[in-house]
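Derivation of every value follows stated rules applied to the coordinates shown; laboratory data play no part. It should be emphasised that the depicted structure is a prediction, and the values quoted were computed from it without experimental measurement.
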Amino acid sequence: MKKIIATAAFVAMSAISANAADKVLHVYNWSDYIAEDTIKKFEAKTGIKVTYDVYDSNEVLEAKMLAGSSGYDVVVPTSDFLQRQIAAGVYAKLDKSKLPNLKNMDPDLMKAAANYDKGNEHAVIYMWGTTGIGYNTKMVAKRLGDKAPTDSWALVFDPANAAKLKDCGITFLDAPTEMIPAAMKYLGLDPRSTKKEDLEKGAAVIEKVRPFIRYFHSSQYISDLANGDVCVSVGWSGDVFQARDRASEAKKGIEIGYSIPKQGALQWFDMMAIPADSKHKDEAHAFINFIMDPQITADITNYVWYANANKASMPMVEQEIKDDKGIFPTPEVKAKLWGSKVYNKRTDRVITRLWTKIKTGK
């Protein structure tokens, strides 16, 4: 009898172990983009073991997604990349019955995101923000004076300004679909234009200041701005605020500002989606629903300084962040923001060629 009981207990424990082993999740997200304890809290609440990897460009993520069999269960593409990846069959439709926390999301922002994902069928907003200019206030003032055009794309796209900032360091995002449209907007062109001649004009602006650019990178500038190793970075809003926060904590007298240029800037949405070939879709839904918990969303915003689309989280977001117009722009500034354009393959080839020429000079 004891042997039978022991055998039954062993079988039961084996089944539990097998189930526990099945409760895993592979997340692929942007670097420096989650609170320090978010994953631990999710694992503690659900018993799901998370493998968390990071990337720093949409192009890197897209290459993995289009190749298939990425091994990931939740990924976070930006809205325009999401749209064309949906068209390529990359993502599974969400089972909204498993996402009760959808009720917490801001309907207006979700409606805006639906321009890229009809009916919000495949993705939920993780965070959103703008692409603007981060700058070291003292270093820029020293070189351009108190009236430095920090509120304009002219700060980085006017060769006369860029030349004076070269010694302290200018950096650009390694993101052609954001940098070239920004240069087009500086020229007064439609930043969403896909006309070859407009794209070439935007690229020409960047080529003129290329000699003054220290590097093109989409994450290194955070620490470099914070440490005073560079003085101006075209970057993502939350990244610049992270740099500002780190500089403040270091107490070395480095002051970082963030500007949404007066000409306008890109507004983007980073979206949580589940790859169609995910092997852990239930766990993926559990993770997305967990992130939409108001306190969890607020914790992430309070840590990474990015705007969220979780309306129910706002009472728990720190007042300093809610009041910062660089994070949550005023209606007047919002009116000047533009959304990403989804490019076809022909336009992709044009942009890739232009960007390669900009970076290599060939």
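In table form, for the structure just shown:
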{"item": "When the convex hull of its Cα atoms is projected in every direction, mean area for the chain (nm²)", "result": "21.1 nm²"}
{"item": "Computed [θ] at 222 nm, deg cm²/dmol, the chain (DSSP H ≥ 4; -39,500 (n - 2.57); rounded to nearest 500)", "result": "-13500 deg cm²/dmol"}
{"item": "Reach of LYS96 by Cα under 14 Å, taken over aspartates and glutamates that are not fewer than 8 positions away in the same chain", "result": "GLU121, ASP282, GLU283"}
{"item": "Integer Hz, Karplus 6.51/-1.76/1.60 couplings in order for segment 146-154, x for Gly and Pro", "result": "5, 9, 4, x, 5, 9, 9, 5, 4"}
{"item": "Cross-link table LYS166/LYS196; LYS195/LYS345; LYS196/LYS359, entries beyond 23 Å C-alpha to C-alpha", "result": "LYS166/LYS196"}
{"item": "Between segment 303-360 and segment 91-124, the Cα center-to-center distance that results, in Å", "result": "18 Å"}
{"item": "Cα convex hull of segment 259-362 - mean projected area over all directions, nm²", "result": "10.2 nm²"}
{"item": "Amide H contacts under 5 Å for TYR126, placed H, 5+ residues apart", "result": "ASP270, MET271, MET272"}
{"item": "Percentage of interatomic Cα-Cα distances in segment 237-294 larger than 14 Å", "result": "71 percent"}
{"item": "3J(HN,Hα) from dihedral phi, segment 284-289, Karplus parametrisation 6.51/-1.76/1.60, rounded to Hz, x for glycine, proline", "result": "5, 4, 4, 5, 4, 5"}
{"item": "Equivalent ellipsoid semi-axes, segment 321-362, via Cα gyration tensor eigenvalues times 5, rooted, Å", "result": "34, 15, 8"}
{"item": "Kirkwood-Stokes translational diffusion coefficient of segment 194-306, alpha-carbon pairs, 20 °C, 1.002 mPa s, µm²/s", "result": "123 µm²/s"}
